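Q: Below are the structure tokens for one structure; questions will follow.
Each value in this text was obtained by applying a stated rule to the coordinates, not by laboratory testing. Just so it is clear, the structure is predicted and the values come from calculations on it, not from any experiment. Using ideal geometry, Cβ is built from the backbone for each residue, glycine included, and neighbour counts are taken over all protein chains shown.
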Amino acid sequence: MDYEKMMELLRNEFQVGAYPGKDPEEDEVPTRSPFKVLISTVLSQRTKDVNTHKASEALFSEYSTPKELAEAPLDHVKELIEPSGFYNVKSERVKRIARRVHEEYDDEVPEDMDELLDFKGVGRKTANCVQVYGFGEPAVPVDTHVHRISNRLGIADTKEPEETEKVLQEEIPKKYWIEINKLMVEFGKNICQPRNPKCGKCPLTEMCKYYEEVYKDEDR
């Protein structure tokens, strides 16, 4: 796999890409605090980006710091994040995270992966998103889009996102890690969709295992 070419083609197609809490109407990536990335990514679980954005904007307009969120009334937090779905669970989760960041880390989200993973409700994807979008550090957040695309392209042959993350870290040069998630997520939403992928519009067909297997007989 020519990863330099792959990244160039994806950049040309999607100049900004996606990230947790992204406004679908905006093209620029704003500077975001690790705390807001952490909370937005937790809110993004099992919901659409547009709903994550609505919930994040509403929440941070009222409570923008760990201390403020930790001390916020639970019912009000539920009301603010309702668009994200599962707001009963998520409201308790984000308040618990905020309280710990405030009390144990002096309002600064820890950068260490092991410390991030020690927070209840924070898995590898969320922790890696904080690394990339909060601290600007190279990491490989693997969600359903990244997992699916990596397997379709033939980069990975895995069943679980954690396995895919390990393969991508081994196969793809580290200089590209920080871009992988935002580009593949946008690519997965618009072209390499779960069902009926738009292979006719795909810039990566020449290097795609899935395309070769599905369309090889038609090309003969």
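Q: Please report the spacing between the Cα centers of region 32-65 and region 162-203 in Å, no decimals.
A: Each part reduced to its Cα centre gives a spacing of 23 Å.
Q: Restrict the search to region 174-220; then list the GluC sites (Glu not before Pro) that DSSP places in a loop and that have at most 10 other Cβ atoms within 10 Å of their Cβ.
A: GLU218
Q: I need VAL140, VAL132, VAL50 ordered by Cβ neighbour count within 10 Å, fewest first.
A: Ordered by Cβ neighbours within 10 Å, fewest first: VAL50, VAL132, VAL140.
Q: What angle do you read, to the nearest 10 degrees and between 0 and 90, between the alpha-carbon axis of helix 87-105 and the longest principal axis of the chain?
A: Once rounded, one gets 70 degrees.
Q: Roughly how big is region 155-220's charge dipole about its Cα centre, with Cβ charges of +1 (Lys, Arg) and -1 (Asp, Glu), in debye to the nearest 20?
A: In total the dipole reaches around 340 debye.
Q: Okay, next question. Among the aspartates and glutamates, select those whose C-alpha is under 16 Å from the C-alpha of LYS78, and discard any that sit fewer than 8 residues away in the same chain.
A: Hits, sequence-local ones excluded: GLU57, GLU62, GLU68, GLU92.
Q: Okay, moving on. Using a cut-off of 11 Å between beta-carbons, work out the net charge of the residues near PHE119 (Lys and Arg +1, Asp and Glu -1, PHE119 not included).
A: +1
Q: Using only Cα atoms, find the angle between the long axis of helix 3-13 and the longest principal axis of the chain, and express it within 0 to 90 degrees, rounded to the nearest 10.
A: Taking Cα atoms only, the helix is inclined about 70 degrees.
Q: Check cross-link reach from LYS67 to the aspartates and glutamates: straight Cα distance under 12 Å, and skip same-chain residues fewer than eight apart.
A: Output for LYS67: GLU103, GLU104, ASP106, ASP107, GLU108.
Q: Let me ask another. Kindly put VAL122, VAL185 in sequence by how many other C-beta atoms sit within 10 Å of each C-beta, fewest to most.
A: Sorted ascending by nearby Cβ count, the order is VAL122, VAL185.
Q: Quick one: if you stick a label point 7 Å off each Cα along the C-beta vector at TYR215 and PHE135, how many nm between them?
A: Going by the 7 Å Cα→Cβ label model, 4.1 nm.
Q: Counting only other residues whose beta carbon sits under 15 Å from that of GLU170, what net charge do I get with K and R as +1, D and E as -1?
A: Spelling it out: positives minus negatives among the neighbours equals -2.
Q: Which net charge results for the neighbourhood of ARG152, defined as the other residues with beta-carbon distances under 10 angstrom from its beta-carbon, given Lys and Arg at +1 and Asp and Glu at -1?
A: +1
Q: For a protection proxy built on the mean count of beta-carbon atoms within 10 angstrom, sort 62-72, 81-91 highest first, please.
A: By packing density, highest mean first, the sequence is 81-91, 62-72.
Q: So what J values fall out for region 52-57 if you push phi through Karplus, 6.51 cos²θ - 1.76 cosθ + 1.60 with θ = phi - 60°, rounded to Hz, Gly and Pro as x?
A: 4, 4, 4, 5, 5, 4
Q: For the chain, what is the calculated [θ] at 222 nm in deg cm²/dmol (nearest 500), taking -39500 (n - 2.57) for each run of four or more DSSP H residues and dividing by its residue count?
A: After summing the helix terms and dividing by the residues of the chain, the value is -16000 deg cm²/dmol.
Q: Straight-line reach from LYS209: which aspartates and glutamates have a Cα under 14 Å away, not including same-chain ones fewer than 8 places off?
A: In chain and number order, the partners are ASP2, ASP157, ASP217.
Q: Apply the Karplus curve 6.51 cos²θ - 1.76 cosθ + 1.60, θ = phi - 60°, to the phi angles in region 191-208 and return the couplings in whole Hz, x for Gly and Pro.
A: Residue by residue, region 191-208 yields 10, 8, 6, x, 10, 6, x, 8, 4, x, 9, 7, x, 10, 4, 5, 10, 9 Hz.
Q: Only sites in a loop by DSSP and with at most 10 other Cβ atoms within 10 Å count here; which trypsin sites (Lys or Arg not before Pro) in region 111-163 make the cut?
A: Sparse-neighbourhood loop trypsin sites (Lys or Arg not before Pro): LYS120, LYS159.
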